[in-house]
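Single-structure report; data block below.
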Amino acid sequence: MTVTVLVADDHAAIRAGLKMLLEATGEVRVVGEAADGAAAVRQAKALSPDVVLMDVRMPRVDGLAATAAVVAETSAKVLVLTTFALDDYVLGALSAGASGFLLKSVGGDELVRAVRAVAEGDAVLDPKVTRAVIAALPRAEETAPPDLSALTDRERQVLAGLGAGLSNTQIGTRLRIGEATVKTHVSRVLSKLGVQSRVQAAVIAAQVGLEFP
């Protein structure tokens, strides 16, 4: 299945390069481009892409506000692409429900895999971004740790899988349960933790030190 993508970046040369990388394999089709966050939101509503590849620093409406609007007002997933391992925009996009974070140094094959993974409902986290996000979170002695008491043992295992960056298929294989069952557990985990995305759940798993079986 071809994944449709909207590329949002304020530099035309970067948009052209991303389009070339994404379409090289024939697995992804770029259906639109946007030079700022406001245009990204309009295009996402008009074109209904599977994934919006979102820059974080753009004029008029930045990637943070655009991510929140796209997540709230469309069915598209947002994959944030940034030059920076961490800044306020990335942390804000995490809260806004972005499905993944990659650095702009990512290779073409990895970028395509990430886009496909996000389109299929998985999370994508560049390890550098993950470490930086976790480091920026309040230390355990400064805030109450996330409450996992509502989770069943199986849900804790699935949460640990999210923290390890595994896909639903990989979690199911390791736990010897079906992919549909994994999806059900993921939905329950997100609901019980009060978060919007797998990325947010993954950060919680890393924050509390859950280890996947």
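The values are calculated or read from the model by the stated rules, or taken from the named source; none is laboratory data. Note that the structure is predicted; figures quoted are calculated from it, not measured. For the accessible areas, the whole protein counts, side chains as well, though only heavy atoms, and no ligand, DNA or RNA atoms are used. Shrake-Rupley method; radii C 1.70, N 1.55, O 1.52, S 1.80 Å.
Please list log₁₀ I(q)/I(0) at q = 0.12, 0.18 Å⁻¹ for the chain, using the Debye equation with identical point scatterers on the alpha-carbon positions.
With one equal scatterer per Cα and no solvent, log10 I(q)/I(0) is -0.60, -1.26.
Where the accessible area of the range 2-94 is counted over protein heavy atoms with a 1.4 Å probe, how much of it, in %, is carbon and sulfur?
Reported share for carbon and sulfur atoms: 54 percent.
Which of the lysines could a cross-linker span from K104 if the Cα-Cα distance has to be under 27 Å and same-chain partners fewer than 8 positions apart are dropped?
K19, K45, K77, K128
Rounded, prolate or oblate, given the Cα gyration tensor of the range 1-122, with a/c below 1.5 counting as rounded?
rounded
What is the angle, in °, between the Cα long axis of helix 12-23 and the longest principal axis of the Cα atoms in the chain? Nearest 10 is fine, range 0 to 90.
With rounding to tens, the tilt is 60 degrees.
What accessible area per residue comes out for the chain, rounded to a whole number of Å², with a 1.4 Å probe? Mind showing how you got there, number by number?
Details: 10020 Å² over 213 residues.
That works out to 47 Å² for each residue.
Of the residues V124, V186, V56, which exhibits the maximal mean-square fluctuation in a Gaussian network model of the chain defined by a 10 Å Cα contact cut-off?
Of V124, V186, V56, the most mobile in the Gaussian network model is V186.
Compute, for H185, the solvent-accessible surface of its heavy atoms (probe 1.4 Å) with the complete set of protein chains present, and express it in square angstrom to the nearest 10.
Around 30 Å² of this residue is reachable by solvent.
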